[in-house]
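What follows is one structure encoded as structure tokens, with my remarks underneath.
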Amino acid sequence: MTVDTTALLLAEVRRLADAVERLAGPAPAHNDLNAADCFVWVPANHYLQPVARPNRVALTLIRGVDHVRDILHENTLRFAEGFAANNVLLWGARGMGKSSLVKAVHADVRAATGAKLKLVEVHREEIGTLPALLDILKASDCRAIVFCDDLSFDHDDTDYKSLKAALDGGIEGRPDNVLFYATSNRRHLLPRTMMENEQSTAINPSEAIEEKVSLSDRFGLWLGFYKCNQDDYLAMIDAYADHFALDLSRDELHREALEWATTRGGRSGRVAWQYIQDLAGRLRKPLSRD
């Protein structure tokens, strides 16, 4: 075999090896759960990406949801202290602080207890990779809340089966050091038409509908969020204005805030925050949710 032929063969072998590596995907990254309090799950390389500055507000700034706030806080506190706690589904009206409450409660409980309590966000599209994430978390000495915002499933979407197994099912079950919190605009997570179609085409319609509804049943706590009234909306506005020292008379503040809500088509915590951002900008005041 000539030198030129050998060189060509080696080059071809290297090319094939590179192609195999690309097909295999990136190597798993090293995960350090002590690097931060909050993480985002990156399933492509099984990596928990630390979040240095989480986007959250102080728990004291979340108004109008006192009852569900207290339930979620107590459940999270028990979990952080090593006791039994439930998976939680926060469902209901848009913009009423469901995801903000999860992040705020996590920060408050962690500060109060000093527990190694982590918050790990999983995007809706990556629910099918939950088993890989749980394998990483169960080997840690930390306690972790796996959080999915705006969770729901569409037609022909089978990822809900992975979620059911991760919540309670499977021979191994959910790790003791992991809870699952999710927010959704609807309580049953699957569209009514999807459940009705399954019911109409099934041999046993009642079993088909039970299969779909049982996903929500895996959450031990259902916390409902409803549209706020005017008093609650203005209480949110007042809390933000006081916290950020926005210099405007109460009468003028309320007049502007109500007008803003009218232009937005309704009142909610999100609408209140958007008004406060606009006001702070006009007053040339810095605004940070830390």
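The values are calculated or read from the model by the stated rules, or taken from the named source; none is laboratory data. On a predicted model such as this, the values are computed, not experimentally measured, just so you know. Reconstructed Cβ throughout: ideal geometry from the backbone, glycine too, with neighbour counts over all protein chains shown.
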**Message:** For region 64-98, give me each residue that is aliphatic (A, V, I, L, M), assigned to a loop (DSSP other than H, G, I, E, B) and surrounded by fewer than 19 Cβ atoms within 10 Å (Cβ to Cβ).
**Reply:** A84, A93
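Quick check, is N34 more than 24 Å from N177 (Cβ to Cβ) and outside any helix (DSSP H, G or I)?
Considered against the rule, which asks whether it is more than 24 Å from N177 (Cβ to Cβ) and outside any helix (DSSP H, G or I), N34 comes out as no.
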**Message:** Criterion first (small (G, A, S), assigned to a loop (DSSP other than H, G, I, E, B) and closer than 23 Å to L101 by Cα) does A245 satisfy it?
**Reply:** yes
**Message:** So, in region 121-178, exactly how many residues are modelled with pLDDT under 90 and aromatic (F, W, Y)?
**Reply:** 2
**Fill in**
Only one of (1) over 21 Å from E125 (Cβ atoms); (2) at pLDDT 90 or above does not apply to W41, and that is (1)
**Request:** Look through L48, L61 and report the one residue that is over 23 Å from T129 (Cβ atoms) and either loosely packed, with under 15 Cβ neighbours inside 10 Å or not small (G, A, S) (or both).
**Result:** L61
**Message:** Here's a check for you: in region 248-290, which residue that is touching a helix residue (DSSP H, G or I) at 6+ places or on another chain (Cβ under 9 Å), assigned to a loop (DSSP other than H, G, I, E, B) and in contact (Cβ under 8 Å) with a residue 60 or more places away in the chain is surrounded by the most Cβ atoms within 10 Å (Cβ to Cβ)?
**Reply:** S268
